[in-house]
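Quick note: the coordinates plus some simple rules give every number you see, no bench work behind them. Not measured: the values here are computed from a predicted model. For neighbour counting, all protein chains shown are included, and Cβ atoms are generated from backbone atoms with ideal geometry for every residue, glycine included.
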Amino acid sequence: MPTYAYECANPACPSGGVFSATQAMRDDALRVCPHCGGEVARIIRPVGLSAPIGDSDLKGKGFAKLVRRDKGVYENVTALDHESRYYRAGRPETMPDIRLRVGD
Ligand SMILES: [Zn+2]
């Protein structure tokens with residue numbers, strides 16, 4: 001059965017605010033905190049992938065991450081020294097350079 005993460009609205013909740021519960025997929029999401037009876041909301045993400053991955057970690061692992069800033073404009077938050085900070089649709093020279101990342 002999958003494990004879901006929940007966030008409790010009660011700031012004094014003994015769970016510390018976030019807890020996980022193993023439930024069948026067909027079960028409804030919890031509405032009441034099993035720790036304090038407060039109101040809870042399911043956090044929509046698999047628990048196994050909940051560890052935050054920072055941009056510098058991604059960059060160090062060879063990923064390129066583009067964040068949409070405007071229509072057709074993406075910030076390359078993992079830009080290498082010689083890369084353009086912004087990728088603009090239709091401007092291939094501003095695209096992240098995969099060749100720079102594949103060094104070994
Ligand atoms: Zn609670």
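Taken residue by residue, region 24-33 has at least one member that is within 16 Å of the ligand (Cβ to nearest atom), surrounded by fewer than 15 Cβ atoms within 10 Å (Cβ to Cβ) and part of a loop (DSSP other than H, G, I, E, B).
What residue, among those in region 73-101 that are among the hydroxyl-bearing types (Ser, Thr, Tyr), out of contact with any Leu (no Cβ under 9 Å at 6 or more places or on another chain) and not in a strand (DSSP E or B), is nearest to Asp55 (Cα to Cα)? Among those residues, the one meeting the criterion is Ser84. Of the residues making up region 7-23, just one is exposed (fewer than 11 other Cβ atoms within 10 Å of the Cβ) and assigned to a strand (DSSP E or B), namely Thr22.
Considering region 52-72, and only residues there that are part of a strand (DSSP E or B) and touching a strand residue (DSSP E or B) at 6+ places or on another chain (Cβ under 8 Å), the residue that is nearest to Pro96 (Cα to Cα) turns out to be Leu66.
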